[in-house]
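The values are calculated or read from the model by the stated rules, or taken from the named source; none is laboratory data. As the structure is a computational prediction, the values presented were derived from the model and not from experiment. Every residue, glycine among them, receives a Cβ derived from its backbone with ideal geometry; neighbour counts consider all protein chains shown.
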Amino acid sequence: MIAFATPKFCATRTCGPVVDIVSAVRRRVAGVTFIHVETYEENNPALGVTAGFVSGSCPPNLGCSSSAGTAGSRRSSKAAVSERELEAAVHRFLA
């Protein structure tokens with residue numbers, strides 16, 4: 001599972017909570033790799049967005065995105081989700 005977020009510079013005020021939610025679910029679910037991709041190079045907007053952010057196709061200024069998937073399947077959410085929703089989605093992919 002990958003989360004693109006920049007809590008310090010988030011334009012939507014959802015990045016910090018999204019990172020917290022992803023971290024909480026990561027602690028409870030085994031068998032999944034959780035990755036946080038910082039939006040900006042060296043966490044500095046003046047340096048531009050990271051290559052990971054660009055290659056993840058998450059539009060700048062959106063703030064947050066998360067994707068989960070297995071070989072051949074991918075789901076994406078460009079809005080905040082609750083811990084319960086995220087954990088349920090991760091378990092669906094593991095099934």
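Can you name the strands (runs of 3 or more DSSP E) wholly within the chain that have at least 2 residues being surrounded by fewer than 14 Cβ atoms within 10 Å (Cβ to Cβ), modelled with pLDDT under 80 and of a type outside the set (Lys, Arg)? Let's see the steps before the verdict.
Details: elements: 2-5, 35-38, 64-70, 73-77.
Correct list: 64-70, 73-77.
Residue pairs whose Cβ atoms lie under 6 Å apart, separated by 6 or more positions or on different chains, with the first residue in the stretch 1-20 and free of Cβ contacts under 8 Å to residues at least 24 places away in the same chain and the second of a type in the set (Val, Ile, Thr), are Pro7/Val19.
In the stretch 1-29, which residues are touching a Leu at 6+ places or on another chain (Cβ under 9 Å) and over 19 Å from Val49 (Cβ atoms)? Matches in the stretch 1-29: Met1, Ile21, Val22, Ala24, Val25, Val29. The residue pairs whose first member lies in the stretch 32-53 and is farther than 17 Å from Cys10 by Cβ, whose second member is of a type in the set (Val, Ile, Thr), and whose beta carbons are closer than 8 Å, counting only pairs six or more residues apart or on different chains, are Val32/Val90; Phe34/Ile2; Phe34/Val22; Phe34/Val25; Ile35/Ile2.
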